[in-house]
Amino acid sequence: MNWNTLLLMRQELVLTTVILILLVVDVIVKNKKSLNIIAILLFGIYTILGFFPSGNNELFGGMYKNTELIFAFKNILNIGVFLITMISVSWVNKKMLPLNKVAEFYALMFSSYLGMLFMISAGHFLMLYIGLELATLPVTALASYDMFNRKSSESGIKLLLSAAFSSGIFLFGISMIYATGGSLYFNSIYGNIAISYLSIMGLFMIFAGLAFKISLVPFHFWTADVYEGAPTPVASYLSVISKGAAVFVLMILLFKVFSNFIDLWIYLLYGISILTMFIGNFFAIRQTNMQRFLAFSSVAQAGFILLGFLSADQVAVSAVVYFIAIYVLSNILVFAAVQSIGLASNKYNIEDYNGLYRTNPLISIALMFGLFSLAGIPPIAGFFGKFFLYTAAASKGFYLLVFIAVVNVTISLYYYLIVVRAAWLRKSDNPIQFYKSDIFMKISLVIVSTALLVLGLFSPFYEYIFSISNI
Amino acid sequence: MILGVSIYEILTVSTIIFFIGVYGFFTRKNLIAMLMSIELILNSSVLNFVVINKYLFPQSIDGNIFSLFIIAIAAAETALALAIIINLYRLIMSLKTEEIETMKN
């Protein structure tokens, strides 16, 4: 190994350095408020470094691999984490500055993201497992970060127990695949694995372990409680970055390692996709708490993502990656709006948003953009994300499923519009007072809103993703 | 190889341990007991890895190394879980799941 091959994993190395610098700076710096800016600056430098092109190669005998697609996907997630870092500043300043726990928050978030980077480029089940655990454990610490809040601790322990349970199932599945395939490298399992009861069982258990992370329906029960109790930036991190990385890993596993089993998993995904869409949507309708509502909406969105998996070719990969890129932006926008309102007024219920437009017009425009993008209303990018997912499913003749998905989009439009109606049309005697967000929140809201508008009209982005989409 | 013990017997034991863990995770009402059930699940897969490595693929050590990593990560998981449980106990003076649960559908 020489320096050139080591440069292939420079994103991970730079991020590790960022975490270490952050921990050291925490000891040196007296003014703890400036740690926010240092964290944003360091992560910004890291994000910019990620845009320099990188080669396609493998490291450590195939344990770590990097392709153009993986690199582009990491960049999408980098931008997502950067935006979440910006929106979490106001929360950290309000809740954690008095307790003097600023730097740890960012260090934990970045180390969880480091785990996701390793997970995405894994070429070996050991790397995948370690990445998955490194991605999960710091998030559980973050979810229970609000120490004196009972709900936060409750959501932390729920997330930890369900994540540990799911990784136990995941491991048992890996051991079965190890028994049938004889190796743990993705490349050597790919050709060697035969279809038998043992390997099918292993596939299902690995799928179940990842489905916990993506919160597909039989394994979604932790989602709502964790999102409601966790601090809002952590909930947005969980719903966006954690889910996106797990979807990407599931895609690599199903399309590459388990491509022999395609007749099997395609119907598994077919059923789970329908279940996930319906249950996510119908539970979302009856929610009153905004974070809980977004939890079920993200469950429903996971069902839509599975739709794209069904064609299992280049179209599927590009549709899923494009949808995740749009989903990251739109969900962050909604969570940012919810967080800024929640911090200013401590109100998290949908009916509290009545009359928001009259007192805070700009934030309600941002909220509307995000919700319309999640619902998939044409000029905004979310529509195209859903459109490509339908194309992927329809290209293999799953017309009934596409029809069911369109029905579900209509249902989801109903509950997204409930929130928009509360903010824009309803009047309230006791509306949320006018407030000013801090500068980072403003910048991220503006960036995301414009990005959503631009990406909806700018087709080269999709063409670029399509051109690099081969797993 | 252990004389007189076939791979089927050991895999049966590890599967039984796995399902004891799953059963315990769903039925126990105490957080520490749930944590113990998760440890059982993880240990059953450790046993699986070691046995499969020893009986089926003795020329490599993939499974043994994997089991070492599982043990280390399980310890980290337990430490974090205990930290959160202690914090929760300070807040509500209980470890029963029904007393902890405030958020429901």
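The values are calculated or read from the model by the stated rules, or taken from the named source; none is laboratory data. Source: prediction; values computed, not measured. Positions of Cβ are backbone-derived with ideal geometry, glycine not excepted, and every protein chain shown enters the neighbour counts. Note: areas computed on protein heavy atoms with side chains; ligands, DNA, RNA excluded. Shrake-Rupley method; radii C 1.70, N 1.55, O 1.52, S 1.80 Å.
Couple of notes before you dig in:
- Cα-centred dipole magnitude for segment B:7-98, charges only on beta-carbon of K, R (+1) and D, E (-1), debye, nearest 20: 280
- Cβ charges +1 (Lys, Arg) and -1 (Asp, Glu), total dipole of segment A:130-261, debye: 140
- The fraction of accessible area contributed by carbon and sulfur in chain A is 70 percent, rounded to a whole number (1.4 Å probe; ligands and nucleic acids excluded).
- Rolling a 1.4 Å probe across the protein heavy atoms gives chain A an accessible surface of 34 Å² per residue.
- Surface accessible to a 1.4 Å probe, B:Lys96 within the full protein complex, Å²: 90
- Only helical runs count toward this figure. For chain A, summing -39,500 (n - 2.57) over DSSP H runs of n ≥ 4 and dividing by all residues gives -24500 deg cm²/dmol at 222 nm.
- Segment B:7-98: C-alpha pair distances exceeding 16 Å, %: 61
- Take the Kirkwood radius over Cα pairs of segment A:166-243, plug it into Stokes-Einstein at 10 °C and 1.306 mPa s, and you get 114 µm²/s for translational diffusion.
- Put simply, the C-alpha atoms of segment A:1-113 give a gyration tensor, and the ellipsoid matching it has half-axes of 30, 14, 10 Å, longest first.
- 5 angstrom amide H check on A:His124, placed H, neighbours 5+ away: A:Phe186
- Lys/Arg +1, Asp/Glu -1 at C-beta; chain B dipole; positive extreme among B:Met34, B:Ala75, B:Ser60: B:Met34
- Taking B:Thr78, B:Thr15, B:Thr27 in turn, the Gaussian network model of chain B (Cα-Cα springs below 10 Å) assigns the largest fluctuation to B:Thr27.
- Nearest-0.05 FRET efficiency for A:Leu362 and A:Lys427, computed from C-beta distance (R0 22 Å): 0.70
- Å² of accessible area per residue within segment B:7-98, as computed with a 1.4 Å probe and no ligands counted: 52
- Spacing of the modelled spin labels on A:Arg286 and A:Leu457, each 7 Å from Cα toward Cβ, amounts to 4.3 nm.
- Across chain B, C-alpha contacts under 8 Å between residues 6 or more apart give a mean separation that, scaled by the residue count, equals a relative contact order of 26 percent.
- The modelled label-to-label distance for the pair B:Ala79/A:Phe51, using points 7 Å beyond Cα in the direction of Cβ, is 3.9 nm.
- Distance between the modelled labels on B:Leu3 and A:Asn346, one decimal in nanometres: 7.4 nm (7 Å Cα→Cβ projection).
- Straight-line reach from A:Lys32: taking Cα to Cα under 20 Å and skipping same-chain neighbours fewer than 8 places apart, the aspartates and glutamates in range are A:Glu104, A:Asp146, A:Asp438.
- Listed residues A:Phe207, A:Tyr185, A:Val409: farthest to the positive end of the dipole of the protein assembly as shown (Cβ charges): A:Val409
- Shielding by partners for peptide A:146-153, expressed as the average number of C-beta atoms from other protein chains within 10 Å of each residue's C-beta, is 4.
- Cα centroid separation, segment A:86-158 to segment A:272-329 (Å): 23
- Residues in segment A:200-210 carry Karplus couplings, in order, of 5, 4, x, 4, 5, 5, 5, 4, 5, x, 6 Hz; the curve used is 6.51 cos²θ - 1.76 cosθ + 1.60 with θ = phi - 60°, and Gly or Pro positions show x.
- Length-normalised contact order of chain A in % [C-alpha pairs under 8 Å, at least 6 apart]: 14
- At 1.567 mPa s and 4 °C, Stokes D of chain A from Kirkwood alpha-carbon radius, µm² per second: 58
- Cα-based reach from A:Lys256 at 21 Å (exclusive), listing lysines while leaving out same-chain residues under 8 positions away: A:Lys65, A:Lys74, A:Lys213, A:Lys243, A:Lys396
- Only protein heavy atoms count here, probed at 1.4 Å, and on that basis chains B and A bury about 3900 Å² of accessible area in total.
- Per-selection metrics, segment A:241-385 (Cα): Rg and Dmax in Å: 17.0, 58
- Magnitude of the charge dipole for the protein assembly as shown, about its Cα centre and with charges confined to Cβ atoms of Lys, Arg (+1) and Asp, Glu (-1), is about 1300 debye.
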